[in-house]
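A.B. asks: This structure is in structure tokens; I'll ask about it shortly.
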Amino acid sequence: MKALEGVKVLDFTHVQSGPTCTQLLAWFGADVIKVERPGVGDATRKQLIDKPGADSLYFTMLNHNKRSIEINSKNEIGKEVLTKLIETCDVLVENFAPGALDRMGFSWENIQKINPRIIVASVKGFGPGKYEDCKVYENVAQCAGGSASTTGFLDGPPVVTGAQIGDSGTGLHLALGILAALFQREKTGKGQKVLAPMQDGVINLCRVKLRDQQRLETGPLTEYSQYGEGIEFGDATPRAGNDSGGGQPGRILKCKGWETDPNAYTYFITQAAVWEKICDVIGKPEWKTDPDFATPKARLPRLNQIFGTIEDWTMTKTKFEVMEICNPHDIPVGPILSMKEIAEDEGLRKTGTIVEVDHPERGKYLTVGCPIKMSDSPVEVTRSPLLGEHTVEILSQVLGYSGDELKRVVASGAVGDTEKVAAE
Ligand code: COA
């Protein structure tokens, strides 16, 4: 038994944001039926190819545990098949450019007429307003959502982050909306529209930066490095380098080997509660009683001096030694892990966060498993489907097409290459 067993999802998503959402639903046990354009499929199947002829890692890593059906949604028989899928599914998820679903003839009003219980969940770049018709990719959302303007160093340009907060982040938001809508449907019997705009998702994740925007009105942001450096604040939340976003100052500091290893660094937080222990660990016991260092307020203008001294100590240790020494004292530190280190981490493999999957075209590869662990709904990551791998299975088993009816649909070419599908 899985949490979403029995829930059928019509997955009209592509690229990253929508597929992240439907992959999660599949991991929670939903039957996710991915609709793809005949002969082409999700554009990411053939993007960033590393093994000629095989589906890319970009595609495989976002589409596990799904079934694939090829349907031409602009063809009359294709629309007939889609209509039947809408009738039978609980959720339709899509992240087409604004208006694309309407142009196919599947407006919210039409979908509701076909199945009033269905939940229609969409990712768009922007919510209603002047940018609602724009096409949007990850970095556009990071920029329009306030992330880029607050990331990077004060003396440099805005910076986008490696974490895909616009795409995968919005996929997560959408999944949450879908689950809430399914829960509400239990009481009302009705479906609803769920919209997760990427800009809104990024803004949600940048909440603390809007907090700081308002704090600026009453004075400088004293926990930012620039305060101690005597650099004046402007009228907008500035880029804060690696300063901690919370009330406990933190920085990224060099560790042993930093000269040759780009990831020989640690994050170090000078949490007030363990300040005295930090003083002992770094060999500065006199700071415990020195009025310039003894209180959090006194330390704020001296963060560069403090972190410089801590770094003199961290540079004598590897990032893992820093962790081993600091952890027993409850001093919050974290090694800067490279993707190579994450890929090789035994612990992450044991918990199913890093998973090895076998694929008929590409052989074994690593992926990120379900980051949410449920005690009664275990996740087994299975490979992504080949293009149209389940077309016949879905037409016959889910939609009940058989005999001449099935032949008619296949012969129309609306569900993929006629000869190939007929052979199946
Ligand atoms: N059969 C026939 N046509 C299909 C089809 C199918 N199975 N699936 C898609 N199409 C058509 C669409 O109907 C659309 O046609 P139209 O423009 O004539 O109406 C066309 O394919 C292209 O769809 P679109 O969504 O515009 O793709 P794109 O590659 O041009 O744009 C995005 C890609 C991501 C920029 C755009 O989809 C978008 O902005 N999505 C919302 C925001 C988002 O999710 N962005 C992040 C992606 S990770």
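Read the figures in this text as sums done on the coordinates, not as results from a lab. Predicted model, so just to flag it, every value in this text is computed and none were measured. Every residue, glycine as well, gets a Cβ built from its backbone with ideal geometry; the counts of neighbours run over all protein chains shown.
A.B. asks: 222 nm [θ] for the chain, helices only, -39500 (n - 2.57) per DSSP H run of 4+, per residue, to 500?
C.D. replies: Helix contribution divided over all residues of the chain: -9000 deg cm²/dmol.
A.B. asks: Okay, next question. Please compute the net charge surrounding SER149, taking Lys and Arg as +1 and Asp and Glu as -1 over other residues with Cβ under 9 Å from its Cβ.
C.D. replies: Charge balance in the 9 Å sphere: +2.
A.B. asks: For the chain, modelled as a GNM with alpha-carbon contacts under 10 angstrom, which of GLY363, GLY146, GLY241 fluctuates the most?
C.D. replies: Evaluated over the chain, the most mobile residue of the options is GLY363.
A.B. asks: Let me ask something else. Would you please give the FRET efficiency between ASP292 and ASP235, computed as 1/(1 + (r/R0)^6) with r the Cβ-Cβ distance and R0 = 30 Å, to the nearest 0.05?
C.D. replies: Computed FRET efficiency for ASP292 and ASP235 comes out at 0.45.
A.B. asks: Here's another thing I want to ask about it. Can you compute 3J(HN,Hα) from phi for each residue in the range 112-128, using the Karplus curve 6.51 cos²θ - 1.76 cosθ + 1.60 with θ = phi - 60°, rounded to whole Hz and x for Gly and Pro?
C.D. replies: 4, 5, 5, 8, x, 8, 6, 9, 10, 10, 10, 9, 10, x, 10, x, x
A.B. asks: May I ask you to work out the translational diffusion coefficient for the chain at 10 °C, viscosity 1.306 mPa s, via Stokes-Einstein with Rh from the Kirkwood sum over Cα pairs, reported in whole µm²/s?
C.D. replies: D = 65 µm²/s.
A.B. asks: Next up: Just to be sure I understand the model, the point goes 7 Å from the Cα along the line to the Cβ. What's the resulting SER412 to VAL40 distance in nm?
C.D. replies: Taking the two extended label points, one gets 1.9 nm.
A.B. asks: Please give every one of the lysines within straight-line cross-link reach of LYS66, meaning a C-alpha to C-alpha distance under 17 Å, and leave out same-chain neighbours fewer than 8 residues apart.
C.D. replies: The qualifying lysines are LYS2, LYS8, LYS34.
A.B. asks: Still on this structure, please answer the following. Relative contact order for the range 127-181 using alpha-carbon pairs under 8 Å, separation at least 6, rounded to a whole percent?
C.D. replies: Across the range 127-181, relative contact order equals 30 percent.
A.B. asks: Now for a separate question. Lysines near LYS297 by alpha-carbon distance under 24 Å, same-chain residues fewer than 8 away left out - which ones?
C.D. replies: Partners within reach: LYS209, LYS277, LYS284, LYS288.
A.B. asks: Using the 10 angstrom Cβ neighbour count as an exposure proxy, how do THR260, THR318 rank, fewest first?
C.D. replies: THR260, THR318
A.B. asks: If you count the DSSP beta bridges with both ends in the chain, what percent of them are antiparallel, to the nearest 5?
C.D. replies: The antiparallel fraction comes to roughly 40 percent.
A.B. asks: For the range 313-398, run through the trypsin sites (Lys or Arg not before Pro) and keep only the ones in DSSP coil with at most 14 other Cβ atoms within 10 Å of their Cβ.
C.D. replies: LYS373
A.B. asks: For LYS190 and GLU217 in one chain, what is 0.36 nm times their gap in residues minus the Cα-Cα distance, to one decimal in nm?
C.D. replies: 5.2 nm
A.B. asks: Additional query: Quick one: what are the phi-derived ³J(HN,Hα) couplings along the range 380-390, Karplus 6.51/-1.76/1.60 with θ = phi - 60°, whole Hz, x for glycine and proline?
C.D. replies: So the Karplus estimates, Gly and Pro as x, are 10, 7, 10, 4, 6, x, 6, 4, x, 4, 10 Hz.
A.B. asks: Relative contact order of the chain: what whole-number percent is it, with Cα pairs under 8 angstrom and at least 6 residues apart?
C.D. replies: So the answer I get is 19 percent.
A.B. asks: Using DSSP to define loop residues, name the GluC sites (Glu not before Pro) in the range 202-277 whose beta-carbon has at most 16 other beta-carbon atoms within 10 Å.
C.D. replies: Here the GluC sites (Glu not before Pro) that fit, given the DSSP loop and packing criteria, are GLU229, GLU232, GLU259.
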